[in-house]
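To start, the structure under review is shown below, and the notes come after it.
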Amino acid sequence: MEEYFIMPYIKKEFRERLDPKIDGLVDELRKASLEELDGQVNYVIFRLLLHLYPPKYFNYNRALGVLSSVIQEFYRRHVAPYEDLKIAETGDIS
């Protein structure tokens with residue numbers, strides 16, 4: 001995975017341990033058809049949350065905060081720059 005895709009918010013040693021496992025999962029998910037991919041990604045994320053956040057409102061609230069942060073970070077680092085590029089290419093809404 002190229003370095004600019006990696007969030008620097010965890011220690012490098014954790015990334016080094018997690019990245020090979022994530023890369024294997026990504027390789028497996030890339031085998032899915034377009035129609036199946038979103039459901040499979042949803043399943044993986046759901047299972048992670050289910051196993052990492054025990055049943056308690058405090059933990060559910062933490063899990064929702066993580067999901068919210070992921071959405072915002074993905075938008076900030078990938079969607080917004082893409083939109084800026086497309087605006088530069090095609091012009092802004094007038």
Residue match in the range 64-73 (condition: outside any loop (DSSP other than H, G, I, E, B) and in contact (Cβ under 8 Å) with a residue 60 or more places away in the chain): yes
Of all residues in the range 77-94 being of a type in the set (D, E, K, R) and over 27 Å from Tyr9 (Cβ atoms), the one that is nearest to the chain's Cα centre (by Cα): Lys86
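A short reminder: the numbers here are calculations on the coordinates, not readings from a lab. None of these values were measured; they are calculated from a predicted model. Backbone-built Cβ (ideal geometry, glycine too); neighbour counts: all protein chains shown.
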